[in-house]
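Written out below as structure tokens is the structure these notes cover.
Nothing in this text is a laboratory measurement; each read-out follows from the coordinates by a stated rule. On a predicted model such as this, the values are computed, not experimentally measured, just so you know. Every residue, glycine among them, receives a Cβ derived from its backbone with ideal geometry; neighbour counts consider all protein chains shown.
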Amino acid sequence: MKKIYFIVSLAVIALLSSCSEDYNEHNFPGYKDAAIPTNVVSYTYTLTDADYTTIATAIKKPVNDSITLLKTKLKTASKTDSVTLNSSIARLNLKLTTDSTYIKATYIGSNKLFNSKMKAADYIPYLLDVTYKYTDKGSNCTVIYNNADNGDTLSIAAANRFTLTAADYLSMGTGTNQPGQYKNFSTVMPVMTYLNQYLKIKCAYAQTNDVKVVSYLYYDSNKVSKMQYRILTFDGQNWINGSGQYVNNGTIWLFDPSIYVTMKKGLNATDDYMLVVNYIKANQGVTTPSLLGYYGTTLEYEYYYGFLAYYGEISWKETDRKFDPEYVKLTTVDEKVAFLTQRTQEGLAVYLALKYPDAQPQVNGIDLYCYITTTLYYEFTATTNTTSTTNYRYKYQRIDNGKLKWKYVDRVKL
């Protein structure tokens, strides 16, 4: 009887399930084939002091889990097995204090920073895998963190480099665990809080994206005093230290190698627009001198791609582009816009090839993209010459094929 009842129950369940599917398919077309919703999100996260400890704990977890398991077995082990288990526990404990991987993890947890030998890109994914474990492929996170002794300080003008003096430490407080107590910073102090306030006073009229470097004395967890520096960028409100982008590949979080660059004016050979100006001089300026724009004897412009180093923009202005013999052949607005669009896209690919000659198509399996913010000097309508200056962000992908190695993807108006 029970067997018959069970079979009948299965039949009823199947019938109801079928009716439900037919109802959904009839009343909600596409329901059966609808994609499962995904949790693709974007985060911006600033590491707290506790997060550095979380990273250290995550790195040590496999070893600590093994120690815990062995200790559990030890509770019921025989005398002979206990000797072997205790030996294994001692070996693992020693590993935590002698293996460089775990020594570095301990340093990060104690000092709450990354540096040139302990790069954030290698460690922050440990935190994201714990903090945002349920996000799906394509999710990204911009992380702000403490970054010391890492970065090119020589590229920063001397006027933008500061070294804290005894008076500076004293002004930050002389009480217990304050900088003025021993005229240094240490692991128990919120270093970035002090440096942020210091630069807000020192550089009261800072502009967004201004960069400074501050050197100071630091007493670390190894009880060693040493000079340390941090490169800081003003975000419009505060001075921040390190930052990076991370992406979820569907399984784990990885460092996102995407490059974000805002082109800046300047007449030095390594300045952004001048890279292209000099490229045109070397490759096309001899055969077509009209493509080069000088003030006196100083090369400042090129009219093939329209890069103006002095002003820091790309010109689509008619009176500038008339120096290009190809451009002057065009008669309609549509032709001119198509021509200038193509030239700008190619010019930015040239710029990227010069700016990042060693860039690879992928970093740790992640495609490399570059987002370039630049300014177009625009004087273009069908009937009038209306001047406008507009900022755009162009997206490029680093590729293997093609002479320029960078492929235009799209652009957005800012």
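General observations
- Integer Hz, Karplus 6.51/-1.76/1.60 couplings in order for the stretch 151-168, x for Gly and Pro: x, 8, 7, 5, 7, 9, 4, 4, 5, 9, 10, 10, 10, 5, 9, 4, 5, 5
- By the rule of a C-alpha distance below 23 Å, with chain neighbours fewer than 8 residues away ignored, the lysines paired with residue 265 are 212, 281, 317, 322, 355, 395, 413.
- With kT/(6 pi eta Rh) evaluated at 4 °C and eta = 1.567 mPa s, and Rh the Kirkwood radius from Cα pairs, the stretch 184-254 diffuses with a coefficient of 93 µm²/s according to Stokes-Einstein.
- Peptides 93-104, 213-224, 312-323 ordered by average Cβ neighbours within 10 Å, highest first: 312-323, 213-224, 93-104
- Here the relative contact order of the chain, from alpha carbon pairs under 8 Å that lie six or more residues apart, stands at 11 percent.
- Peptides 334-346, 157-169 ranked from most to least packed by the mean count of surrounding Cβ atoms within 10 Å: 334-346, 157-169.
- Using the alpha-carbon positions of the stretch 261-413, Rg (one decimal) and Dmax (whole number) come out as 15.5, 51 Å.
- The Cα atoms of the stretch 329-373 cover 48, 18, 17 Å along the three principal axes, with the biggest extent listed first.
- Here the gap between residue 319 and residue 226, fully extended at 0.36 nm per residue and compared with their Cα-Cα distance, gives a gain of 27.7 nm.
- Relative contact order %, the stretch 41-146, counting alpha carbon pairs below 8 Å whose residues are six or more apart: 54
- Extending 7 Å from the Cα toward the beta-carbon at both residue 410 and residue 86 defines two label points whose distance is 6.6 nm.
- From phi via Karplus (6.51, -1.76, 1.60), per-residue ³J(HN,Hα) for the stretch 170-179 in Hz, x at Gly/Pro: 4, 5, 8, x, 10, x, 4, 6, 10, x
- Point-to-point label distance, residue 267-residue 360, nm (Cα→Cβ direction, 7 Å offset): 4.0
- In the chain, the convex hull through the Cα atoms has an average projected area of 37.1 nm², a quarter of its surface area.
- Amide H contacts under 5 Å for residue 264, placed H, 5+ residues apart: 272, 273
- Relative frequency of Cα-Cα separations exceeding 16 Å in the stretch 41-146, percent: 63
- Multiplying the residue separation of residue 153 and residue 333 by 0.36 nm and removing their Cα-Cα distance gives an extension gain of 60.1 nm.
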